[in-house]
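Reviewing the structure listed below.
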Amino acid sequence: MAKRRRPTSMKPPFLRRISLLDDVPAETRARHPLDMPLFRDGFDWEITTPITIIVGANGSGKSTLLEAIAAHCGFALTGGTKNVAHRTSEDESLSHALRFSWFPKVTEGFFFRAETFFSFVDVLDQLAREPYGGSTYESYGGVSMRQRSHGQSFMAVFENRFGSQGVYLMDEPEAALSPQWQIEFLKLLRRLERRGQSQVIIATHSPMIMAYPSASLLEISEKGLVPVAFHNTEHFQIARSFALNPDGFVAGLIMDADEQDED
């Protein structure tokens with residue numbers, strides 16, 4: 001049995017740097033995901049704050065990067081902790097090509113992935129049916145996620161599993177959250193930050209989450225992973241245009257769509 005690491009008195013971030021190994025074979029670099037713009041010209045990311053928020057277009061590599069960190073920490077790509085993890089054949093594909101620098105190494109925590117959330121729920125339900133699985137749901141609010149709405153089940157994980165010393169990775173946590181619950185999620189982030197025990201890395205499309213004031217906001221673009229001001233993100237600019245003139249904004253989109261159909 002692996003020895004559980006003792007808590008450290010050091011403050012997050014614990015994971016300080018991720019970089020592409022120098023000796024990755026050329027044929028590996030030419031294949032997905034290392035052929036993505038995020039990794040194509042090398043990769044060297046220094047992490048300086050307890051909370052990091054990553055934005056970018058669909059397919060830019062946000063999830064790929066979080067998956068690599070999760071695999072390195074011992075989490076499964078479908079999400080969960082080290083103790084509740086459904087393994088897949090892809091679990092460590094990219095992490096082997098990266099160097100992870102820690103101070104100190106703290107790999108307890110949780111990987112939350114909206115896309116495969118109910119695969120994780122299935123694993124929990126299966127564990128609960130085992131002879132000694134009666135306490136499985138205690139760490140998630142006492143009942144199966146299947147007895148809650150989609151958004152309620154997300155919040156049950158955040159409220160019950162996030163808080164002890166560790167690294168918390170979240171891929172699109174807003175996917176099932178109403179605007180009001182996104183506000184509650186931001187309050188939860190603040191509680192985690194004030195406790196000073198958690199490193200949080202979030203990939204999101206939500207302007208509300210991107211606006212978290214003390215986080216490092218990074219954008220994946222053709223230039224790689226670079227800092228971006230919230231007001232300069234495409235997500236904010238589109239949301240602002242809609243909020244200022246919703247009727248005109250939507251009408252303009254419809255007219256553009258009609259013109260494209262005519263062409």
Quiz prompt | At R0 = 22 Å, FRET efficiency that the Cβ-Cβ distance of LEU244 and ALA57 yields, to 0.05 | solution = 0.40
Exercise. With a 1.4 Å probe and every protein chain kept in, tell me what percent of the accessible surface of the range 1-82 is carbon plus sulfur.
Key: 49
Quiz prompt | Shape call, the chain: gyration tensor on alpha carbons, a/c limit 1.5 | solution = oblate
Practice problem: Please find the FRET efficiency linking GLU27 to ALA229, where r is the Cβ-Cβ separation and R0 is fixed at 25 Å, and quote it to the nearest 0.05. | Solution: 0.05
Exercise. Order these peptides, 42-50, 108-116, by their mean beta-carbon neighbour count within 10 angstrom, highest first.
Key: 108-116, 42-50
Quiz item: When DSSP beta bridges are limited to those with both residues in the chain, what percentage is antiparallel, rounded to the nearest 5?
Solution: 40
Quiz item: Ignoring any ligand, DNA or RNA, what whole percent of the accessible area of the range 155-263 comes from carbon and sulfur when the probe is 1.4 angstrom?
Solution: 51
Quiz item: For the chain, what is the accessible area per residue in Å², given a 1.4 Å probe and the full set of protein chains?
Solution: 54
Exercise. Find how much the distance from ARG129 to MET10 grows on full extension, using 0.36 nm per residue of separation minus their present alpha carbon separation; answer in nm with one decimal.
Key: 39.0 nm
Quiz item: Most mobile of GLN165, GLN126, GLN182 per a Gaussian network model of the chain (Cα springs, under 10 Å)?
Solution: GLN126
Exercise. Pull up the DSSP beta bridges for the range 118-263 and report the antiparallel fraction as a percent, rounded to 5.
Key: 40
Quiz prompt | Estimated 222 nm signal from helices in the chain, with DSSP H stretches of n ≥ 4 weighted -39500 (n - 2.57), rounded to 500 | solution = -10500 deg cm²/dmol
Practice problem: First check a/c for the range 154-245, with a ≥ b ≥ c the square roots of the eigenvalues of its C-alpha gyration tensor; if it is under 1.5, answer rounded, and if not, answer prolate when a/b is larger than b/c or oblate otherwise. | Solution: oblate
Self-check item: Protection proxy ranking of 210-223, 13-26 - average other beta-carbon atoms within 10 Å, highest first
Solution: 210-223, 13-26
Self-check item: GNM flexibility winner over the chain from ASN58, ASN83, ASN245 (Cα, springs under 10 Å)
Solution: ASN245
Quiz prompt | For peptides 27-33, 224-230, 71-77, sequence by mean Cβ density within 10 Å, most packed first | solution = 71-77, 224-230, 27-33
Quiz item: How big is D, in µm² s⁻¹, for the range 108-207 by Stokes-Einstein at 20 °C and 1.002 mPa s if Rh is the Kirkwood radius over C-alpha pairs?
Solution: 152
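The values are calculated or read from the model by the stated rules, or taken from the named source; none is laboratory data. Bear in mind the structure is a predicted one, so any value in this text is a computation, not a measurement. Cβ coordinates were reconstructed from backbone atoms using ideal geometry, including for glycine residues, and neighbour counts include every protein chain displayed. We work out accessible area using only protein heavy atoms, side chains counted, and drop any ligands, DNA or RNA first. Shrake-Rupley method; radii C 1.70, N 1.55, O 1.52, S 1.80 Å.
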